[in-house]
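*Asks:* To start, I am sharing the structure in question, which I have written as structure tokens.
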Amino acid sequence: MYDHGDKICINAILKSRPTCVRCHSSSVHVKDSFTREINHSKHGNQLVVVRYRSHKYVCKTCGKYFNLKLQGLLGKHRSSEAFKLDVFERHSGGVTQSYLSQTHKISHATVERWYKVLIKDRIDGMKNNPLPRVIGIDEHFFTKKKGYATTIADLTKHRVHDVVLGRSEASLEAYLTKLPGKDRVQVVVMDLSSTYRSIVKKHFPKAKIVADRFHVVRLIGFQFLKAWKQFDPVGRGNRGLLSLMRRHEDKLSPDQKVKLEKYFKQFPALKILWKFKHELHNLMRLKHLNKR
């Protein structure tokens, strides 16, 4: 091993001979030799490279020619998988391509290519994983051209399981029909969409449907505003009053409470509705509780 400024070079000697990749015979002969140098890792600000003498072998039993293969290094690649993973994790953490190009002595295109390959491998790996016991289903806007997409989340590990284009039952039918492991799902957390409720009942027959807390709280607020209009049709047009009615009771200042009480004297029934709304909100704010 020797230190050469921004690079540490390790000279490795490979003593054992491999077996034939075709017939697994140990009777192999060295046909040719050449020197290889691979990027292995980063040690502080220095790049660690491994230099070794590799060989081209020929099997005396079956006549097969093959090159030496090392664990953690793909054929014809000049960087180890550990080195690629280091670049991927740094780039995922926000390090730019230009900076990685300088520190790891690779091109911008190489950083982008490795990142795309590893991202694809991770996505494919997640798709092959069986469905978790508790999942969440929700929609989000994807692009103007392709519209909406549906996200399936693993709520036991708090990560995305898969994303598929579409949000209607017709657009998701082919995907959900082929989805493996649907019988494992016991709980589906979702919004109050009738479309998703129909999809879950059809494709996840053993699962219980649980309404997402955020959407339930939003529904409570929507129904309160709807009931408010029946008692005072013009009250919601006052932005200051609307802000006070939407606030939690414990977030009101003494002056704001006085203003609300003055308004409630005109509409006593609204005070009862307002109190009931806050009781429901307080119930929704309780977390980590079981059914009992």
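The values are calculated or read from the model by the stated rules, or taken from the named source; none is laboratory data. This one's a predicted model, so the numbers in the text were calculated from it and none came from an experiment. All Cβ positions, glycine included, derive from the backbone under ideal geometry; neighbour counts span all protein chains shown.
*Asks:* Only one of LYS277, LYS251 is among the basic types (Lys, Arg), closer than 25 Å to PHE214 by Cα and surrounded by 14 or more Cβ atoms within 10 Å (Cβ to Cβ). Can you tell me which? Give the derivation first.
*Replies:* Working: LYS251 fails: surrounded by 14 or more Cβ atoms within 10 Å (Cβ to Cβ).
Every option except LYS277 fails the conditions.
*Asks:* Output the number of the condition that PHE142 fails; it satisfies all remaining conditions of (1) more than 17 Å from the chain's Cα centre (by Cα); (2) in the same structural domain as THR195 (by TED's automatic domain parsing); (3) among the hydrophobic types (A, V, I, L, M, F, W, C); (4) surrounded by 12 or more Cβ atoms within 10 Å (Cβ to Cβ).
*Replies:* All conditions pass for PHE142, except number (1).
*Asks:* Okay, next question. Under 8 Å by Cβ, and 6 or more places apart or on different chains, what pairs join a residue from segment 64-76 that is under 10 Å from SER54 (Cβ atoms) with one that is surrounded by fewer than 13 Cβ atoms within 10 Å (Cβ to Cβ) and of a type outside the set (Val, Ile, Thr)?
*Replies:* Partner pairs satisfying both residue conditions: ASN67/GLY75; LEU68/LEU14; LYS69/GLY75.
*Asks:* Taking interchain pairs and intrachain pairs at least six residues apart, which have beta carbon atoms under 9 angstrom, with the first residue in segment 238-256 and over 15 Å from ARG218 (Cα atoms) and the second at pLDDT 90 or above and not in a helix (DSSP H, G or I)?
*Replies:* No pair meets every condition.
*Asks:* On the given criteria, is VAL210 touching a residue at least 12 places away in the same chain (Cβ under 8 Å), more than 30 Å from PHE276 (Cα to Cα) and outside any helix (DSSP H, G or I)?
*Replies:* Against the criterion (touching a residue at least 12 places away in the same chain (Cβ under 8 Å), more than 30 Å from PHE276 (Cα to Cα) and outside any helix (DSSP H, G or I)), VAL210 does not qualify.
*Asks:* Which residue out of ARG122, ARG133, ARG159 is within 17 Å of VAL187 (Cβ to Cβ), modelled with pLDDT under 90 and of a type in the set (Lys, Arg)?
*Replies:* Just one listed residue meets the conditions, ARG159.
*Asks:* Here's another thing I want to ask about it. Keeping to segment 196-227, report how many residues are closer than 19 Å to LEU286 by Cα and among the hydrophobic types (A, V, I, L, M, F, W, C).
*Replies:* The number of residues fulfilling the criteria is 7.
*Asks:* Here's something else I'd like to know. Quick test of your reading of the structure: LYS259 fulfils all but one of (1) modelled with pLDDT of 90 or more; (2) loosely packed, with under 14 Cβ neighbours inside 10 Å; (3) basic (Lys, Arg). Name the failing condition by number.
*Replies:* (2)
*Asks:* In this structure, does LYS42 turn out to be in contact (Cβ under 8 Å) with a residue 60 or more places away in the chain, in contact with a helix residue (DSSP H, G or I) (Cβ under 8 Å, 6 or more places away or on another chain) and not polar (S, T, N, Q)?
*Replies:* yes
*Asks:* So if I check each of SER193, SER168, which one is farther than 29 Å from LEU286 by Cβ and of a type outside the set (Val, Ile, Thr)?
*Replies:* Going through SER193, SER168 in turn, the sole match is SER168.
*Asks:* Right, another one. Determine which member of the set THR103, THR96 is β-branched (Val, Ile, Thr), surrounded by 12 or more Cβ atoms within 10 Å (Cβ to Cβ) and out of contact with any Lys or Arg (no Cβ under 9 Å at 6 or more places or on another chain).
*Replies:* Values: THR103 fails: out of contact with any Lys or Arg (no Cβ under 9 Å at 6 or more places or on another chain).
The match here is THR96.
*Asks:* Checking TYR57 against (1) at pLDDT 85 or above; (2) of a type in the set (Phe, Trp, Tyr); (3) exposed (fewer than 15 other Cβ atoms within 10 Å of the Cβ); (4) touching a strand residue (DSSP E or B) at 6+ places or on another chain (Cβ under 7 Å): exactly one of these is not met. Which one?
*Replies:* (3)
*Asks:* Restrict the check to segment 164-174 and report whether at least one residue is out of contact with any helix residue (DSSP H, G or I) (no Cβ under 7 Å at 6 or more places or on another chain), free of Cβ contacts under 8 Å to residues at least 12 places away in the same chain and exposed (fewer than 12 other Cβ atoms within 10 Å of the Cβ).
*Replies:* Yes - at least one qualifying residue is present in segment 164-174.
*Asks:* Consider PHE204 carefully, then state whether it is surrounded by 15 or more Cβ atoms within 10 Å (Cβ to Cβ), among the aromatic types (Phe, Trp, Tyr), at pLDDT 90 or above and in the same structural domain as HIS248 (by TED's automatic domain parsing).
*Replies:* The answer is no for PHE204.
*Asks:* Sticking with this one: Considering only residues of segment 44-69 that are in a loop (DSSP other than H, G, I, E, B) and basic (Lys, Arg), which is nearest to VAL28 (Cα to Cα)?
*Replies:* My answer is LYS60.
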